[in-house]
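Asker: Can you read through this structure? Questions will come right after.
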Amino acid sequence: QVQLVESGGGLVQAGGSLRLSCATSGPSFRFYTMGWFRQAPGKEREFVAVASQGGRITEYADSVKGRFTISRDNAKNTMYLQMNSLKPDDTAVYYCTARAGGTSTRPYEYDYWGQGTQVTVSS
């Protein structure tokens, strides 16, 4: 069983930056593909970014490419999402997720989810 706990969300002005963290429990963090999804009010959960087990393979949604960076520190069992040049459209609850398999952009293919952290970008 993997437990995921997100932190780092908050209120920021457009153009600002935030760094989200996802701390995990359990000894097998390095065996999991780790991803970030987000969900805005009234919208479906959408893919943001994913990093492979070793972190060498990353993939981003077109809407965040060039602005967000996913990374992971397997020694600390922690994943990060650096978010720069934030826009009001980035406002959502951000979820950390893990799966025992390759990278995927489909939320139903992920096995474990955190409780989410709110990111609000004001204009």
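Asker: Give me the mean projected area, in nm² to one decimal, of the convex hull enclosing the Cα positions of the chain.
Answerer: If I average the Cα hull's projected area over directions, I get 6.7 nm².
Asker: Among the lysines, which fall within straight-line cross-link reach of K65, defined as a Cα-Cα distance under 24 Å, with same-chain neighbours fewer than 8 residues apart omitted?
Answerer: Leaving aside lysines fewer than 8 places away in the same chain, those within reach of K65 are K43, K87.
Asker: To the nearest 20 debye, what charge dipole does the chain have about its Cα centre, counting +1 at the Cβ of each Lys and Arg and -1 at the Cβ of each Asp and Glu?
Answerer: Computed charge dipole of the chain: roughly 220 debye.
Asker: Normalised by the number of residues in the range 33-109, what is the relative contact order in percent for Cα pairs under 8 Å and 6+ residues apart?
Answerer: So the answer I get is 40 percent.
FYI, it's all coordinate maths here, none of it is from the lab. Given the structure is predicted, the values throughout are model-derived calculations rather than measurements. Reconstructed Cβ throughout: ideal geometry from the backbone, glycine too, with neighbour counts over all protein chains shown.
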